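These notes concern the structure reproduced below.
The values are calculated or read from the model by the stated rules, or taken from the named source; none is laboratory data. None of these values were measured; they are calculated from a predicted model. Here Cβ is always computed from backbone atoms with ideal geometry, including for glycine, and neighbour counts include all displayed protein chains.
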Amino acid sequence: MNPEQIKKDFAIFRNRAAGGAGRPFVYLDSAASSQTPDAVVEAMTAYYQKYRANVHRGVYEASERATAAYESARADAARFIGAAGAQEIIFTRGTTEAINFLAIQLTRDLGPEDEVVLTEMEHHANLVPWQMASQRRKFVLRFIPALADGRLDPGAARRLIGNKTKIVSICHASNVLGTINPVREIADLAHAQGALVAVDAAQSVPHMPVRVADLGADFLAFGGHKMLGPTGIGVLWGRAALLETLDPLFYGGDMIREVTLEGATWNDVPWKFEAGTPPIAEAIGLGAAIQYLEKLGMEEVFRHERELAEYAADTLRGIPGVTLYGPRDPSDRVGVVAFNIEGIHPHDAASLLDRYGVAVRGGHHCAMPLMRRLGIKGAVRASFALYNTREDADHLAEAIRAAQKVFSRQ
Amino acid sequence: MTNIDPALLQEDMDGAEDLYREHILDHYRHPHHKGAVSACTHRAREANPLCGDEVDFFLRIGEDGRVREVGFEGHGCAISQAAISMLTDWVTGKNREEILSADEDLIQEMLGVRMSPTREKCAFLGLRALKKALTYTNPQINTPNTTNDTNSVHRK
C-alpha cells in the first residue's frame, strides 16, 4: 500500500499542496474526521446529477436506480462488518445518533435493580446517553476503570459484570489512546450473565477489520465520516432477532406498513427504523467509501497505520519534554498518538503546530473522565490514516521542536 | 527527511510571534495577581469546555465602589491565562459601570493580536468570569461546572 499514491486519490491533497511559502497540509486528525476520496465525491455527485430521486416509493427509472444504489450501500455495510445480512444494517446520521437510539430503546424496561456497565475511557457519545437514561429509568451505571497505561483493568470487568448487569456498552478502540479493548472477552462475560453487548466502533471500523460475530456484539455503531465517507451518515448494526423485538424511535413515512387515523403498523426491519427520506447521497457515498477501503484491504490499512503511529511515537519519545499516553505495545492500539509538550497547553500546541501546516487536535477529546483518570486537563492527539506517510510524522516532530523554541524564548 | 524548508520554518517561527507575542508569553509565564484574595467581596468561576481552561476570579471592592484587590486561580492555555493576567491589571481601580461596559474589543486590544473564533473563547474567558463575579455580593463559588453560555460577552 503506497500512501503517496493514495494521496493522489484525494483532491484535497492536490488542492492544498505546498507551493512557495505556503504551508504543507499534514492532516493528522482523521480520528476526528477523515479525508474523502474523489471516488466518494463522484458517487454522490453522480446521484445528484444523473439519477436524483427519492427512494422506496417511485416506480420510474431514476427512483428505481436511486433505491438500488441506496440498498446496495446497505449491503456494502453489511459485508464490511460481517453482518448476517443487509437487514441488520440501519442507516443513521452517525455513531452518536445510533448510540442514543440504543440508550433509549434498550433501557425502556430497566429499573433500580438493574445495572449497565460502561468504561472510563468512553467518548461522551457512549457515556452521556446512558447517563440520561439512567436518570430517567433509575438503573445503576458502573464503569470498568482504565489503567495508567491506557488499558482497561482486566480483572475489573469480571468484578463489575454480574447478574444485575443488563447491558454492557464499550468502545472497541479509544479515540484518545488508541487502545483496542478486549471486546470479545468482555462480551463473553456479559452474555454469561444474560446481558446485551453494544459496541462503539467509531474508531475501529475505519482502521481495522471488524467482524461482528468475532466481537460477540449484539449491537454495533460506526460513522461514515471517519472512514472516508461523507458526513451525516452512520450505521447501527444489530442482530436480526434483536432488531425484531425493538420499537422504532422516530415515526413517519417509509417506516410504516399501513396507516389509519387511529394507528399504524410498522414496516419490516430495518426500514422500520428509518423514518422519512434518508440521507440518500450520503449512504451512496458510504458505499463508495467501503468499496475503496475493501480494494486496499483493511488488514493492510491496519498494518500501515499502526506502523506509522509506532514510528511517530518512537520519534516523539526522542524529543525531550514530550510525554506520550496509551499502551506502549503497538499491537494493542490503532494509529492514534496522544501526547503533551511540557510547558505548552494542548490548545497552544495545536495552534502552533497549525502554523507549520500540521493539523492535530488539542483538548479533552470528548473524553473528560479519561482525562481525569490520566490526571491531565487535556492532550494533543495525532491520528494516522491510510494516506499519511513517514514524512507526515517527521513534519509533526519538527513542528513540535519549533513550537518548543517559540515557548522557550526569553 | 522532511519537506519543510528551513527558511519557511524560521519565517514561521518569527510569524508565530503573531499569536504568541512577547507580552503574551510573559504574562503566561509570570501572571500578575495570581492567587486567591482572602477578603474578597466578589468571586466567580468560569471554564471553557472546549479546551479545559478554567479561572476562579476574586475581587475585593472597596467602599468607594472600586476594585481594591484582585486575584485569580486557574489554569489553561497561554491565551486564556495571559488575557486574564492582563485583565487583572486593567480592572484594578475600576468601578462597576466600567467593568460592565468592558467588552471583547478591550481584550483584543490588550492581546494586540487577532485570533480565530475558536481561540477567542479562550481569550474572553476571564472577562466572562469577571462580569459573573459582579453578580455575587458574597464570596460564594457559583456552580463550578462549565457554562454553556458562550455568548455572555457582547460586543457593543
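Structural remarks
- Selected residue [over 30 Å from residue B:115 (Cβ atoms), modelled with pLDDT of 95 or more and either buried (at least 23 other Cβ atoms within 10 Å of the Cβ) or within 14 Å of another protein chain (Cβ to nearest Cβ) (or both)] from A:311, A:292, A:251: A:311
- The number of residues in the stretch A:106-164 that are in contact with a helix residue (DSSP H, G or I) (Cβ under 8 Å, 6 or more places away or on another chain), among the charged types (D, E, K, R) and farther than 26 Å from residue A:245 by Cβ comes to 3.
- Applying the criterion of at least 2 residues that are of a type in the set (Asp, Glu) to the helices (runs of 4 or more DSSP H) found wholly in the stretch A:286-399 leaves A:298-317, A:346-355.
- When residues of the stretch A:73-132 are limited to those that are part of a helix (DSSP H, G or I), in contact with a Gly (Cβ under 7 Å, 6 or more places away or on another chain) and among the charged types (D, E, K, R), the one surrounded by the most Cβ atoms within 10 Å (Cβ to Cβ): A:88
- Which listed residue is modelled with pLDDT of 95 or more, in a loop (DSSP other than H, G, I, E, B) and at positive phi, from A:229, A:276: A:276
- Within the stretch A:258-271, residues that are under 25 Å from residue A:241 (Cβ atoms) have Cβ atoms under 7 Å from residues that are β-branched (Val, Ile, Thr) in these pairs: A:258/A:265; A:264/A:256; A:265/A:256; A:266/A:256; A:267/A:256; A:270/A:89; A:270/A:90, counting only partners at least 6 apart in sequence or on another chain.
- Residues of the stretch A:355-378 that turn out to be in contact with a Lys or Arg (Cβ under 9 Å, 6 or more places away or on another chain), hydrophobic (A, V, I, L, M, F, W, C) and surrounded by 22 or more Cβ atoms within 10 Å (Cβ to Cβ), as a count: 2
- Residues within the stretch B:112-138 that are more than 10 Å from the chain's Cα centre (by Cα) and under 16 Å from residue B:27 (Cβ atoms), tallied: 4
- Residue identified as out of contact with any helix residue (DSSP H, G or I) (no Cβ under 8 Å at 6 or more places or on another chain), over 29 Å from residue A:74 (Cα atoms) and of a type in the set (Val, Ile, Thr) among A:245, A:323: A:323
- Looking across the stretch A:345-379, not a single residue is within 19 Å of the chain's Cα centre (by Cα) and among the acidic types (Asp, Glu).
- Taking each residue of the stretch B:19-36 that is farther than 13 Å from residue B:57 by Cα and looking for partners that are hydroxyl-bearing (Ser, Thr, Tyr) with beta-carbon atoms closer than 8 Å, six or more apart or interchain, yields B:19/A:351; B:27/B:85; B:28/B:85; B:31/B:85.
- In the stretch B:48-72, of all residues being of a type outside the set (S, T, N, Q), within 14 Å of chain A (Cβ to nearest Cβ) and assigned to a strand (DSSP E or B), the one that is surrounded by the most Cβ atoms within 10 Å (Cβ to Cβ) corresponds to B:53.
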